[in-house]
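Okay, structure first, notes after.
The values are calculated or read from the model by the stated rules, or taken from the named source; none is laboratory data. Fair warning: this is a prediction, and the values are worked out from it, not measured in the lab. Neighbour counts are summed over all protein chains in view; Cβ atoms, including those assigned to glycine, are modelled from backbone coordinates with ideal geometry. Calculation scope for accessible area: heavy atoms of the full protein, side chains included, ligands and nucleic acids excluded. Shrake-Rupley method; radii C 1.70, N 1.55, O 1.52, S 1.80 Å.
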Amino acid sequence: MAVAVAGVLVAAGAVTYSVAEDGSADTAAPAADSADAGFARDMAVHHQQAVEMSYIVRDRTTDEDVRRLAYDIAQTQANQRGMLLGWLDLWGLPKVSSKAPMSWMGMGDMADGEDGALMPGMATNTELKKLGTLNGQAAEVLFLQLMTAHHKGGIHMAEGCVDKCTVGVEKRLAQGMVEAQQSEIDLMTDMLKTHGAKP
């Protein structure tokens with residue numbers, strides 16, 4: 001497993017570095033208000049919450065399928081978050097913006113950030129707190145429901161990058177997110193059915 005994780009990290013570093021080489025040598029870095037930068041910033045925040053939820057539920061259930069899914073989501077999204085933040089560093093751009101989240105998609109007024117839900121699909125602080133108080137099946141069901149909504153919001157953002165971003169490597173990462181998260185939504189829908197619950 002250690003070798004596999006090391007391989008993933010090396011690959012992530014290679015992909016991060018390759019952004020600087022994407023296109024011709026004199027390709028200009030994206031602007032601070034570009035879709036490329038906006039997606040990198042917003043998805044990094046979105047991913048951070050998914051990682052947090054995954055670690056919460058992992059410690060509150062003994063269901064191996066749920067624990068495995070939570071681990072996979074945490075590792076994948078933490079890795080991708082590092083890549084997104086690394087690209088902002090390579091581009092010499094700030095990791096935060098004065099503009100509202102989703103502004104790069106023309107949706108800056110969609111989420112008001114009430115109770116910590118900064119973007120579509122994000123759980124509220126109240127929901128996260130509740131997740132941290134549950135155990136067993138109750139924790140599993142709430143996690144799967146929250147993560148399903150979270151992935152739907154993430155897919156919407158990633159599709160926006162596929163449409164609007166200009167950096168090839170970032171567009172490909174976004175397309176990969178769409179496909180992987182839809183697959184996980186399908187899996188979580190099935191898992192909820194076995195728990196007698198709905199998304």
Problem set entry | Leading residue by the ranking (least open to solvent (accessible area, probe 1.4 Å)) among those in segment 184-199 that are of a type in the set (Val, Ile, Thr) and closer than 13 Å to Lys152 by Cα | Ile185
Exercise. Picking from Gln137, Gln181, which residue would you name as being under 26 Å from Ala70 (Cβ atoms), open to solvent by 60 Å² or more (accessible area, probe 1.4 Å) and not in a loop (DSSP other than H, G, I, E, B)?
Worked result: Gln137
Problem set entry | Condition check for Ala139: of a type in the set (A, V, I, L, M, F, W, C) and within 30 Å of Pro30 (Cβ to Cβ) | no
Exercise. What single numbered condition from (1) open to solvent by 30 Å² or more (accessible area, probe 1.4 Å); (2) under 21 Å from Ser103 (Cβ atoms); (3) in contact (Cβ under 8 Å) with a residue 40 or more places away in the chain; (4) aliphatic (A, V, I, L, M) fails to hold for Ala149?
Worked result: (2)
Problem set entry | Filter result for Asp89 (open to solvent by less than 70 Å² (accessible area, probe 1.4 Å), acidic (Asp, Glu) and modelled with pLDDT of 95 or more) | no
